[in-house]
Amino acid sequence: MRALWVVVVVAAGPGCQCGLEPLHEPPGSVTGLACDEETGKARPRSHISIEYGTQGDEVDADDEGRYRFDEVPAGEAVVVLPGRRRLQVDVASGRNSVVKDEACRGVPGDDRGSIDGNVCNAHIGDVVVDADVVITLPDGSLIEDRTDAAGHFRLADVPVGDHVLRVTAPGFGKSELVTVTAGEVVVVDVGGRCALPAPGSFGGVRGRVCSPDGGTWLVDASATITPEGDSPIVDHTDVDGRYLLEDVPAGEQVLVIEKGSFRTELPVVIPAGAILEIAEEECALQTSDLRIAVVRGSQYDHVENVLNNIGVDIATIDVFDGSWAEELLGDDERVRDYGILFLNCRSAEPTYLASSLMQDRLRSFVADGGSLHASDQAYDLIEATFPDKIDFLGDDLVRGAADRGAIADVTADVVDEVLAAGLGRTTASLHYALETWSTMISVASDVDVYLRADSPLLDGTTLEDVPQIVGFEHGAGHVVYSSFHQEPGSHPDQVRLLELLMFEL
């Protein structure tokens, strides 16, 4: 089995006095849209009241008929709408409760509806202001709005049917499928709850995850707490590396942060009725116990430099030369001492390609949870080990048949959402500084394509829109192949993509 490398991070000094939000039962808020019973249309500037216990409050709806009550005690309340219609609402502590008025149905045309909603970033516990809210119709036209100071938005005159509602703001992005019904107002909450957990025996924890060098917020890292005898509580980081776990049993727990082969375990004490704030200086994934093997190849490809750039301790990396196959995949299967194996461009392959036993051992290493990365002219090793995954240019039985790429500058589409989020855009510039780089044609249906671009060839032709970086699962492990690597003259986008790719292993 693959060795399990566990890093235990214990906060020390002032940085470990993680802040606690006040232990009390905060009130909630109540929002809604008031409509006319006869017309079904919104009632702008109508008078709305709320009753809770022996107390209450009243407001006037805005110009679009929306209203909001803040500081409402948790528990049952009654909202009184125009026509003295009374709607009961359960107010959650520290959360926004949406009142759905069944009278809301009147919008232009019989084949249209509208969407009314609120946007919250639960990772930071606050509403999202000035977020762009957009639906793209089949003809390419847009229906859009922007959230106000309370995180509200309204999309009117929306065609019936299913639509993808996209909400974006700096550091926030969310998409939801919304079904619009003719003449109805759909009320949605986007992004979760802006909330504190209810007082009692449960609490929460929030924090951020960054690369080992502290220079990059990591997207889609998992944060997990598994209470004893219960199911795991999991969240994945957003574009700013933020996570939030709610409804966690109070007391001692272990917070596990993972991204690819990188893993950190952090003992925490979850407070009852509050959220534990992990200090930002504790964001870095740890690597001291992750062992990495690198096979030396081309003088231009040194993946160890990429690893060093993201903060991986060079002492955790062992470099092997031409006899790597005998050393790592011999009878003692030393490869299993490592979590990741990197095959640099032009890694020596004759011994490996001639040994079906070594190929079986490498497949077994990955199947049992190991990660494998190969680049450029190491493609023959991937082709021999996983022959059904990637279709490379040329005859599969001829060594180096795919090495036909020309010196070129191309623009690539970053089709993997996690890489695009880390790069900050969906296109990247690639500079192939050396000719005879290895080219792919297509991949199997179970292979993920991270990057696509045109591949100019030495004969003057071009393979259009073909993969440049791909990855796939094999058993419990992961394999990634890239047509380019770190070399002098690489575009900064390529270097950045390779750094981000390290966390996919």
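Counting only residues that are at pLDDT 50 or above and exposed (fewer than 11 other Cβ atoms within 10 Å of the Cβ), give me the strands (runs of 3 or more DSSP E) lying completely in region 1-72 with at least 1 of them.
Details: elements: 28-33, 47-52, 55-60, 66-72.
Passing ranges, in order: 55-60, 66-72.
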Note on region 237-258: residues among the β-branched types (Val, Ile, Thr) and within 10 Å of the chain's Cα centre (by Cα) are Thr237, Val239
Listed residues Val335, Val319; which is in contact with a strand residue (DSSP E or B) (Cβ under 9 Å, 6 or more places away or on another chain), modelled with pLDDT of 95 or more and of a type in the set (Val, Ile, Thr)? Val335
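Would you check which residues across region 406-459 are among the charged types (D, E, K, R), under 24 Å from the mean Cα position of the chain (by Cα) and not in a loop (DSSP other than H, G, I, E, B) and list them?
Of region 406-459, the ones among the charged types (D, E, K, R) are 409, 413, 416-417, 425, 435, 446, 448, 452, 454, 459.
Pick out the ones that are also under 24 Å from the mean Cα position of the chain (by Cα) and you get 413, 416-417, 425, 446, 448, 452.
Residues satisfying the conditions are Asp413, Glu417, Asp448, Arg452.
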Just for region 226-236: of the residues that are outside any loop (DSSP other than H, G, I, E, B) and not aliphatic (A, V, I, L, M), which one is farthest from the chain's Cα centre (by Cα)? Asp235
Set Gly229, Gly241: member being exposed (fewer than 15 other Cβ atoms within 10 Å of the Cβ), farther than 23 Å from Ala476 by Cβ and either free of Cβ contacts under 8 Å to residues at least 60 places away in the same chain or of a type in the set (Ser, Thr, Tyr) (or both): Gly229
One residue is enough: does region 467-477 have a residue meeting the conditions assigned by TED's automatic domain parsing to the domain that holds Val414, closer than 17 Å to Thr411 by Cα and acidic (Asp, Glu)? no
Mind listing just one residue for me: the one in region 274-296 that is assigned to a loop (DSSP other than H, G, I, E, B) and at pLDDT 85 or above and, of those, farthest from Ala378 (Cα to Cα)? Ala274
Does Ala315 satisfy being surrounded by fewer than 23 Cβ atoms within 10 Å (Cβ to Cβ), within 25 Å of Cys210 (Cβ to Cβ), in the same structural domain as Phe484 (by TED's automatic domain parsing) and over 29 Å from the mean Cα position of the chain (by Cα)? yes
Subset of region 205-237 that is among the charged types (D, E, K, R) and touching a strand residue (DSSP E or B) at 6+ places or on another chain (Cβ under 7 Å) - its residue that is farthest from Leu505 (Cα to Cα): Arg206
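Go through region 299-312 and give me each residue that's in a helix (DSSP H, G or I) and either β-branched (Val, Ile, Thr) or crowded, with 16+ Cβ neighbours inside 10 Å (or both).
First pass over region 299-312, keeping only residues in a helix (DSSP H, G or I): 303-309.
Matches in region 299-312: Val303, Glu304, Val306, Leu307, Asn309.
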Residue hits (region 257-275; farther than 23 Å from Gly369 by Cα and surrounded by fewer than 22 Cβ atoms within 10 Å (Cβ to Cβ)) are Pro267, Val268, Val269, Pro271, Ala272, Ala274
Flagged pairs (Cβ under 6 angstrom, 6 or more apart or on separate chains; first in region 433-460, not assigned by TED's automatic domain parsing to the domain that holds Phe484; second acidic (Asp, Glu)) are none
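The values are calculated or read from the model by the stated rules, or taken from the named source; none is laboratory data. Small disclaimer: the values here were computed from a predicted structure and weren't measured. Please note: Cβ atoms are built from the backbone with ideal geometry, for glycine as well, and neighbour counts cover all protein chains shown.
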